Amino acid sequence: MALISFEKAAELLKEMDNILILCHANPDGDTLGSGFALCRALKAIGKKARVDCSSEIPSKFSYITEGIFNESFEAENFVAVDVADIRLLGDNYAKEYENKIKLNIDHHGSNTMFAENTLLDSSAAAACEVVYELICTLGVEVNKAIADCIYTGISTDTGCFRFTNTTAKTHIIASKVMEKGADIEKINRLMFETKSRSYMRLEKLALDTLKMYFDGRCAVLTIMQDMYEKSGAKESDTDAICAIPRQIEGVQIGASIKQKDEKRFKISVRTHAPYDAAKICGAMGGGGHPRAAGCEIFGSLDDVLDELLKTVEANLED
Ligand SMILES: [Mn+2]
């Protein structure tokens, strides 16, 4: 349960072999970019490594996984990337790998320190920034494939360098991977400009549920299970939708409620400063970053909305 340095993390990885790298469930560009960049780097120094995730990897990330030989071997060492809490591995994986993670590489201030060793930089905009530095510490040459992975994590976790987590260092690392051939035109087009037709149908259904509260300072939209069927979209399509409420003029706290099971809802909160999304979600049993956080609540939709609005109201008054 120790926080360790880049040097120590590199040393640990050099001692390991047969390494299974775990991404969080409902994988995003950062966890996948981190996982596959690290996997490619470990293979470059002769290790057996592969990446695993409890959810299916969305097809738009296929360029990240392309051309990597997913070796079959008996995993001996387990490394997690971009995972703030063991539960985020997904229900079955969380149980299977509990107390087995030797190294966790992360950038969430809310990290629960579930791993034996944690390499954490909470000032990093993306876990991919941390992984980039670790790869450099390992002495591995960053090739185009690794550069594409790192750039993907950085651009997606910063909303293409627009979110306030973006730092000067974020841009420096982005420029380093550009020099190594990261295809920023293709990556940004795939991540930010390309929307499937099923996604557009889901966005339309979700927008129909949008409601404003507290004199327009809070906006909430809801995505119910039947909307996936109606639109043909998947849950992985909802990330961009969750960003919409905060985009409305005058909104300081935006939230989306996603139905997971009949009585289980995932809430995503996005805020403008000074409102703290991690604090709001923390009050409801979750966590995350100051501008983007999440939690899960059990109950009917009405109960969930009540609890969310009560918590938002308390934070707006602070
Ligand atoms: Mn991340």
Item to check | Cα pair distances of the range 185-318 binned at 5 Å [whole percent] | outcome: 2, 11, 21, 23, 20, 14, 7, 2, 0
Item to check | Taking Y93, Y199, Y63, Y151 and counting other C-beta atoms within 10 Å, the order from fewest to most | outcome: Y63, Y199, Y93, Y151
Next on the checklist: Using the basic label-point model (7 angstrom from Cα toward the beta carbon), what is the E262 to A2 distance in nanometres?
Outcome noted: 5.0 nm
Checklist entry - For the range 127-255, how big is Rg over Rh, using alpha carbon atoms and the Kirkwood form of Rh? => result 1.08
Checklist entry - Per the helix-only calculation at 222 nm, which mean residue ellipticity applies to the chain, given -39500 (n - 2.57) for every DSSP H run of n ≥ 4 and division by its residues, nearest 500 deg cm²/dmol? => result -11500 deg cm²/dmol
Next on the checklist: Please compute one quarter of the surface area of the Cα convex hull for the range 158-213 and express it in square nanometres.
Outcome noted: 5.7 nm²
Checklist outcome for this item: Cys in the chain lacking any partner Cβ under 4.7 Å -> C39, C128, C136, C149, C160, C218, C242
Checklist entry - What is the chain's relative contact order, in percent, from Cα pairs under 8 angstrom and six or more apart in sequence? => result 13 percent
Next on the checklist: Nearest 10 degrees is fine. How inclined is helix 197-207 to the longest principal axis of the chain, computing both from alpha carbons?
Outcome noted: 40 degrees
Item to check | Rg and Dmax [Cα atoms of the chain; Å; Rg one decimal, Dmax integer] | outcome: 19.4, 59
Next on the checklist: For a quick check, take a GNM of the chain with Cα springs below 10 Å and name the residue from D106, D183, D261 with the largest mean-square fluctuation.
Outcome noted: D261
Checklist entry - Give me the Kirkwood hydrodynamic radius of the range 203-262 in Å, from all C-alpha pairs, to one decimal place? => result 11.7 Å
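All of the numbers you see were taken from the coordinates with simple rules; none came from a lab. Everything numeric here is computed off the predicted structure, so don't read it as measured data. Every residue, glycine among them, receives a Cβ derived from its backbone with ideal geometry; neighbour counts consider all protein chains shown.
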